[in-house]
Amino acid sequence: MNANHLWLSQFADCLPEHLATPMDVALAELAAFPDLPVALRLQEDLGDQWRWEQSGTMEQLTGGMTGLLYGTYARIFAHLARQPMPSGVQSPAYPLRMLNCWDNLSGNVERGYAGRSLFFENGALAYDPARIRMLARLLASCSVNVLCINNVNVIQEAQRLMEDLLPDVAELAALFRPFGIRLMLSCDFALPVRHGLSTADPLDPQVQKFWNDRAEKVWHAVPDLVGFVVKADSEHRPGPFTYGRTHADGANMLARAVKPFGGTIVWRAFVYNCQQDWRDTMTDRPKAAYDTYMPLDGSFDDNVILQIKNGPFDFQVREPVSPALLSMQHTHLAMELQLTQEYTGQQIDIFSMPPMWEEIFHDLSPARICSIAAVANIGRDSCIVGHPFAAVNLYGYGCIAWNPCTKPEEIIDTWCTLTYPSLCPEKHDLLKNLLLRSRRVYEKYTAPLSLCWMVVPSIHYGPSPEGYEFTPWGTFNRADRNAVGVDRTSKGTGYVLQYPAPLRDLYENPRTCPDVLLLFFHRMRYDTILSDGRTLIQRIYDDHFEGYEEVEAMEQDLYQLAPLLPPEDREQVCSRIILQKANAREWRDVVNTFFHRLSGIEDVHNRKIYD
Ligand code: GCW
């Protein structure tokens, strides 16, 4: 594999193999651009930071070891995209810019749509070092600096990564190190039990000793490991609840074990009752994270980061910001995004995420969190990310992890320029606009008005209006012949009360609640008149029809673009848009028919809805 992939398309195909430091990588990258007269000046204490200065025809980049690397990529990108360099010291918003891989040791990737694991096969580490270097280069070029290599569901012997496979993990870590990328491991809370202890109770001294010893072994093998990611008491994973302990007890026990080595515990807050009785209307899944963690605010150790998904459910097409992210004041918080398109088209349908992230950061001040993480969308497929355009999400994630205020237009524009430099301005804009609107289009044909979870259970692709309705997952729409949605206002489940003002008041009132979030917060009759004068049912019909038509328009745009793309991308893009169109048609007809049958209300435009 060479660099003619993704956004490094104009870079040297390969870097020399034995580069020891990020500065070596920076120099090697610059060597391919002899027109750039950039001198690098190392100032160790600057770390990730860098500063670019010009005097006459000479340029100087000053930075810490990794800062020089990031500054170098910024300089080359600016050169290729013909953009100015920023002045002053550049520093990242978040010191840990994490990518979480959900890779299993079997080689399978949970919710992966880009092929098998880049790291594992058959229960062991198995990779092509050249590919790993390529991945490291891609990640470093967009500032990602932490990689958790294994699935948060630690299954199938994955515990061995902290046992006999540690030397192999160390070898992999060495490949990433020159690119300023450090590894993390997901760990199983019940590991002590696997080693013969009768308990994993975090307050048990034997358990504490077990983890202290384990941490010593792990850091001995990989001295710059960032730490452990933990999914506990979530979707049947073991955790402190089994022993009547809190999540602060569990996280702090691990945090104390890793502290002597400078380690961090990233504790995931994805905790809810996944065995809910659908008859129970009092339990409301989105309330779970806040209810579990707010009482613990302030009781986590300094080296614990609580990692909270961006929304209170689970990476749906649209969700409000998780109230736990907005409310916890005395805990280090990380926000978790999902690049792999589990609910957002599975790298078949085009879904460009930066516009969605901009909305999140509209409600969530970037300073509320101290780190950021994203579930990776990478795998062994030739283009690494499944769909060539899905690369904009990986690249874009790096951009916002460095600066969450980066505009979606800027991210997508630069990505298009770097990836497809030969497009004329007209075609460049065609692609850029297609990507910019892709999320809204997908939302219209799958989940208008935040009508989420009408998806085929387990696989999460394609429509199934009642697929989750009578299941234990807490994901109900409760559609009947008159109305749809769950009342999450103060008169309903009370979820809205978890928000601080003014968001709480905005969402509480259906007249001020943004249309796109209406059915998240409110149960509404089909004949309710919405802000634009249309009824709720008409909006459901219209959005599904429009969504499909907009996919047809995207297809036309792609047929104009396709001949100009590299052959491999052309083939992928053209075959996938056909699948996307079939998917959109299915969503349109299934969901419209479902509501038509239930409500008996006709489409005012008399379009074809099935009986
Ligand atoms: O949405 C669910 C996914 C699971 C995932 C889980 C999580 C890794 O369907 O596949 O497990 O979220 O985030 O832990």
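The values are calculated or read from the model by the stated rules, or taken from the named source; none is laboratory data. Since we're looking at a predicted model, the values are computed, not measured. Neighbour counts are summed over all protein chains in view; Cβ atoms, including those assigned to glycine, are modelled from backbone coordinates with ideal geometry.
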For Pro192, state whether it is touching a Pro at 6+ places or on another chain (Cβ under 6 Å), crowded, with 20+ Cβ neighbours inside 10 Å and of a type outside the set (Lys, Arg). no
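Considering Asn482, Asn477, which residue is in contact with a helix residue (DSSP H, G or I) (Cβ under 8 Å, 6 or more places away or on another chain) and either surrounded by 17 or more Cβ atoms within 10 Å (Cβ to Cβ) or under 23 Å from Val317 (Cβ atoms) (or both)?
Asn477
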In segment 210-240, the residues that are within 16 Å of the ligand (Cβ to nearest atom) and touching a His at 6+ places or on another chain (Cβ under 9 Å): Ala232, Asp233, Gly239
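Could you grab me the full set of residues in segment 79-97 that are under 13 Å from Leu30 (Cα atoms) and either crowded, with 22+ Cβ neighbours inside 10 Å or touching a Ser or Thr at 6+ places or on another chain (Cβ under 9 Å) (or both)?
Leu80
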Unmet criterion (only one of (1) surrounded by fewer than 24 Cβ atoms within 10 Å (Cβ to Cβ); (2) within 14 Å of the ligand (Cβ to nearest atom)) for Thr340: (1)
Inside segment 506-548, can you point out the residues that are of a type in the set (D, E, K, R), more than 19 Å from Tyr445 (Cα to Cα) and touching a residue at least 40 places away in the same chain (Cβ under 8 Å)? Arg523, Arg525, Asp527
Picking from Gln329, Gln316, Gln346, which residue would you name as being in contact with a Cys (Cβ under 6 Å, 6 or more places away or on another chain) and either within 15 Å of the ligand (Cβ to nearest atom) or assigned to a loop (DSSP other than H, G, I, E, B) (or both)? Gln316
Please enumerate the residues belonging to segment 226-268 that are over 26 Å from Asp291 (Cα atoms), surrounded by fewer than 23 Cβ atoms within 10 Å (Cβ to Cβ) and in contact with a Phe, Trp or Tyr (Cβ under 9 Å, 6 or more places away or on another chain). Pro260, Phe261, Gly262, Gly263
Out of all the residues in segment 349-368, which are surrounded by fewer than 23 Cβ atoms within 10 Å (Cβ to Cβ) and either in a loop (DSSP other than H, G, I, E, B) or of a type in the set (D, E, K, R) (or both)? Glu358, Glu359, Asp363, Leu364, Ser365, Arg368
Count - residues of segment 9-31 that are more than 17 Å from Pro129 (Cβ to Cβ) and modelled with pLDDT of 95 or more: 8
Per the filter on segment 452-472, residues at positive phi, touching a residue at least 12 places away in the same chain (Cβ under 8 Å) and within 12 Å of the ligand (Cβ to nearest atom) are Trp453, His460
Being within 16 Å of the ligand (Cβ to nearest atom), within 25 Å of the chain's Cα centre (by Cα) and not hydroxyl-bearing (Ser, Thr, Tyr) is the filter here, so list the residues in segment 252-276 that pass it. Val266, Trp267, Arg268, Ala269, Phe270, Val271, Asn273, Cys274
Taking the condition buried (at least 19 other Cβ atoms within 10 Å of the Cβ) and assigned to a helix (DSSP H, G or I), does Tyr507 pass? yes
Is it true that Pro366 is away from the ligand (no atom under 16 Å from the Cβ), in contact with a Cys (Cβ under 9 Å, 6 or more places away or on another chain), in contact (Cβ under 8 Å) with a residue 24 or more places away in the chain and more than 30 Å from Glu555 (Cα to Cα)? yes
Take Tyr113 and decide whether it is within 16 Å of the ligand (Cβ to nearest atom) and surrounded by 16 or more Cβ atoms within 10 Å (Cβ to Cβ). yes
Output for segment 147-203, where each listed residue is free of Cβ contacts under 8 Å to residues at least 40 places away in the same chain and farther than 21 Å from Ala251 by Cβ: Glu163, Asp164, Ala174, Gly196, Ser198
I'm told Leu517 meets every condition in (1) surrounded by fewer than 17 Cβ atoms within 10 Å (Cβ to Cβ); (2) more than 26 Å from the chain's Cα centre (by Cα) except one. Can you identify the failing condition by its number? (2)
